[in-house]
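*Asks:* The structure's right below; bear with me while I get my questions together.
We did not get these values from a lab; they are worked out from the coordinates using the rules stated. Owing to the predicted nature of the structure, the values given are computational and were not obtained by experimental measurement. Here the Cβ positions follow ideal geometry from the backbone for every residue, glycine too, while neighbour counts run over all protein chains shown.
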Amino acid sequence: MKTVKLAVAKRTISGKKVKKLRKEGIIPANIYGKKTKSLSVGVSGKEFLKVFREAGETGLVELFVEGEKEARPVLIHNLQKHPVSGQVLHADFYQVDLTQKVKANIPVEEKGEAGAVSENKGVLLHVLEEIEVEALPQDLPEHIEVDVTALSEVDQEILVKDLAVDKSKIEVLTKDSEIVFKIGPLITREQEEEIKAQEAKKAAEAAEKTVVESGAAPAAGEASKAEEKPAEAKPQEEKKV
């Protein structure tokens, strides 16, 4: 796996004042780790997004902290986004020891077209989108590619145990019996509409239950304020926002 580089600056601004940083295009972030003292930093939103698109949460990043001579090997963790705009509000950099294994969730991607789909016999269901593994940071794969062309009949499936993983370097923690891909039966337009109606009904009932349990629905202004308030980073080990 190739390593990407990213520069960050030490940050003294915290709490509600970080809104000013975001307006300036700076994403507030933290560096932390098992043997690492937590450090608050800020990173260019433009540069961060470019690196994140390439590295994701499994790619090793060489993090250059302002004033430090050596880069820190980190993984990007706990990305927080605004629920409406999708703007990145906060990120964590988990500093790793290159000699110690870490756990990570690896995306599973399909390759090719399932025979059942091309022959109009069924639909391909992507049941499990990622699996948990443990490996040295530099051995973590960006994703696991799965050839689905052999799936030609309804109910055929690919399990975790069928995935092509280098077991000499990577230990898969997800159960072998978990289904990753499966061929499901074709459904009619009427069945699809019925499923959507049932899902909408369940969502409405859940929302109504929430309102009843809380006593009253939040005012429109309060809901808007809640959306604008950035999510606070969860404390992990010695982390601090």
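*Asks:* Neighbour counts of other C-beta atoms within 10 Å: give me His90, His82 arranged from fewest to most.
*Replies:* His82, His90
*Asks:* Rounded to the nearest 5, what % of DSSP beta bridges with both residues in the range 1-149 are antiparallel?
*Replies:* Bridges in the range 1-149 are about 65 percent antiparallel.
*Asks:* GNM on the chain, C-alpha springs below 10 Å: top fluctuator among Pro28, Pro137, Pro83?
*Replies:* Pro83
*Asks:* Still on this structure, I have one more. Counting other beta carbons within 10 Å of each residue's own, what order do Asp139, Asp176 fall into, fewest first?
*Replies:* Ordered from fewest to most neighbouring Cβ atoms within 10 Å, Asp139, Asp176 come out as Asp176, Asp139.
*Asks:* Could you give the length gained by full extension between Thr188 and Asp155, i.e. 0.36 nm per residue of separation minus their alpha carbon distance, to one decimal place?
*Replies:* Answer, rounded to one decimal: 10.1 nm.
*Asks:* Would you mind ranking Ile179, Ile170 by Cβ crowding within 10 Å, fewest neighbours first?
*Replies:* Ile179, Ile170
*Asks:* While we're on this one: Give me the extension gain from Asn120 to Thr99: residue separation times 0.36 nm, minus the current Cα-Cα distance, reported in nm with one decimal.
*Replies:* In short, 2.6 nm is gained.
*Asks:* With springs only between Cα atoms under 10 Å apart, run a GNM on the chain and tell me which of Ala91, Ala203, Ala55 wobbles the most.
*Replies:* Ala203
*Asks:* Which FRET efficiency, nearest 0.05, do Ser177 and Lys50 yield, Cβ-Cβ r, R0 45 Å?
*Replies:* 0.70
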